[in-house]
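To keep things clear, I will list the structure first and then write my remarks on it.
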């Protein structure tokens with residue numbers, strides 16, 4: 001993804017937060033995209049992070065939807081819950097190029113916001129309930145801190161139970 005596209009996504013996010021009068025804090029840190037590692041850099045538990053995964057949802061043979069699933073950083077996306085939610089035949093991870101195009105960000109910097117009409121935003125209730133919510137701000141070296149309530153107000157996600165406990169063998 002070209003550098004200017006990443007900056008556009010970052011700028012779009014900051015403009016949205018400012019226009020919604022969201023109280024946020026920017027945090028600069030060493031470049032990192034892995035949830036647990038960036039949580040350590042920012043100094044908070046993984047439960048306060050927004051983990052963002054771009055999914056491909058095959059509703060039927062002809063209909064494919066793309067979903068940005070947002071779950072707490074210490075959890076994983078429950079693919080069965082997403083499949084049930086969309087009455088789909090199949091749910092899986094998008095290929096990296098499609099995920100990057102739809103999220104307008106490289107892996108590790110995907111925002112819990114959708115700026116593409118093809119990307120449906122679904123957040124777990126435990127994300128919007130967080131008093132403090134951290135996520136990379138479309139950059140590996142900068143994160144944002146906002147409240148879950150402000151996140152819900154500004155991002156307007158569909159709020160559904162889509163998180164499952166993390167397992168040692170399935171860190172999704």
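No value in this document is a laboratory result; all are computed from the given coordinates. Not measured: the values here are computed from a predicted model. All Cβ positions, glycine included, derive from the backbone under ideal geometry; neighbour counts span all protein chains shown.
A protection proxy built from the mean count of other Cβ atoms within 10 Å ranks the segments 45-58, 141-154, most packed first, as 45-58, 141-154. Counting every pair of alpha carbons in segment 1-100, the share spaced more than 17 Å apart comes to 66 percent.
Pair-distance distribution of segment 104-172: all C-alpha pairs, bin width 5 Å, starting at 0; shares per bin in whole percent are 3, 16, 21, 25, 24, 9, 1. The orientation-averaged projection of the convex hull spanning the C-alpha atoms of the chain amounts to 9.3 square nanometres. With neighbour counts taken as other beta-carbon atoms within 10 Å, the residues 134, 24, 90 rank, fewest first, as 90, 24, 134.
Over what distance in Å are the Cα centres of segment 16-71 and segment 104-172 separated? About 3 Å separates the Cα centre of segment 16-71 from the one of segment 104-172. Expressed to the nearest 5 percent, the antiparallel share of DSSP beta bridges inside the chain is 75 percent. Please give the helix 3-19 orientation as an angle from the longest Cα principal axis of the chain, in degrees from 0 to 90, rounded to the nearest 10. Once rounded, the angle reads 80 degrees.
Legend: ranking of residues 127, 71 from fewest to most surrounding C-beta atoms inside 10 Å; resulting order 71, 127. Its relative contact order, with pairs defined as Cα atoms under 8 Å and 6+ residues apart, puts the chain at 29 percent.
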